[in-house]
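Everything below concerns the one structure shown next.
The values are calculated or read from the model by the stated rules, or taken from the named source; none is laboratory data. This is a predicted model, so every value here is computed, not measured. Cβ atoms come from the backbone with ideal geometry, glycine included; neighbour counts cover every protein chain shown. Only protein heavy atoms, including side chains, enter the accessible area calculation; ligands, DNA and RNA are left aside. Shrake-Rupley method; radii C 1.70, N 1.55, O 1.52, S 1.80 Å.
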Amino acid sequence: MPRSPRLLALLLGALSLATSACDRASAESGDKKSNAAPEAAGAPATSGATSTSTGFVPTGADSALTLRADEGRLLGKPGAMWVVMISDYQCPYCKMWHDSSMVRFERDYINTGKVRFAYLHLPLTSIHPHARAESEGAMCAAAQGKFWPFSNALFAAQRTVGTMNDVTPLLNRIAREQKLDMTQFETCRQSTAIRSLVEADLQQAQKAGVESTPSFVIGEFMVRGALPYADFSQAVDTALVLFRKRMAAGQSAGPGATR
């Protein structure tokens, strides 16, 4: 099994989930999701959801590439409370949250220094056949410092992706639009290190019991589904109160807090 990226230590431990969004269970039962508003639920993560072990020590020629890609998907300042989004670029609910909430969330919480944000990939390939290739493309963009604009473009192109047999032309077009070094981008997409990085995301999410997208680790809590922004903001504010109490008491800010 690939070694997990450092930020994935946030997901260690059993997480209680209740309802569905884009998930494997619906794919296996043949219950294809519509674009209607998804259900959402929140549950506290277990006390084992924090760890001081990151489990990510890349070695060899690909280590620099992997580290750049891993760092490239982070937003916010070290020491802030972590929020991790577990997402799939082809999931309509992930796009729904991204389109309705990401700009406001960045404005209200990331830019103000309250939250450190990370994107974790859970490509549900049984229902979204291009999701893994999109994730790998986004991580290659991350290695060149363009993860977030590349991700924005992938969500914007979601309906187009659903009609494609091969997503490579779209990934290359977005890469050119973002002015990436195309030789580096194409080489990166063939890299075992990037494939392993995305696979590590998927395996770690599954190990933690996350089977649907979007899901969010918000401090000590797990939230599943594309919550309206007011409700999502309330969940973040609640988690921040607990986070600040722990910090005031001199407890650890959790894995990755100094990253």
Kindly check whether there is at least one residue in region 173-192 that is touching a residue at least 12 places away in the same chain (Cβ under 8 Å), within 15 Å of the chain's Cα centre (by Cα) and within 22 Å of His98 (Cβ to Cβ). no
Looking at region 93-123 only, could you name the residues that are of a type in the set (A, V, I, L, M) and either surrounded by fewer than 18 Cβ atoms within 10 Å (Cβ to Cβ) or under 13 Å from the mean Cα position of the chain (by Cα) (or both)? Met102, Val103, Ala118, Leu120, Leu122
Inspect region 237-247 for any residue being modelled with pLDDT under 95 and touching a helix residue (DSSP H, G or I) at 6+ places or on another chain (Cβ under 9 Å) and give the result as yes or no. no
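If I filter region 133-160 down to residues being assigned to a helix (DSSP H, G or I) and over 18 Å from Ala69 (Cα atoms), which single residue comes out as least open to solvent (accessible area, probe 1.4 Å)?
Taking the candidates together, the pick is Phe155.
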Do the conditions hold for Ala80, that is, is it open to solvent by 10 Å² or more (accessible area, probe 1.4 Å) and hydrophobic (A, V, I, L, M, F, W, C)? no
Would you say Ser196 is of a type in the set (Ser, Thr, Tyr) and open to solvent by less than 10 Å² (accessible area, probe 1.4 Å)? no
Is it true that Thr163 is under 27 Å from Asp237 (Cβ atoms), open to solvent by 40 Å² or more (accessible area, probe 1.4 Å) and not in a helix (DSSP H, G or I)? no
Name the single residue, out of those in region 203-217 being open to solvent by less than 10 Å² (accessible area, probe 1.4 Å) and assigned to a loop (DSSP other than H, G, I, E, B), that is nearest to Lys95 (Cα to Cα). Pro214
When every residue in region 169-187 that is part of a loop (DSSP other than H, G, I, E, B) and open to solvent by less than 90 Å² (accessible area, probe 1.4 Å) is compared, the one farthest from Glu134 (Cα to Cα) is Asp181
Within region 145-172, residues being of a type outside the set (A, V, I, L, M) and more than 18 Å from the chain's Cα centre (by Cα) number 9
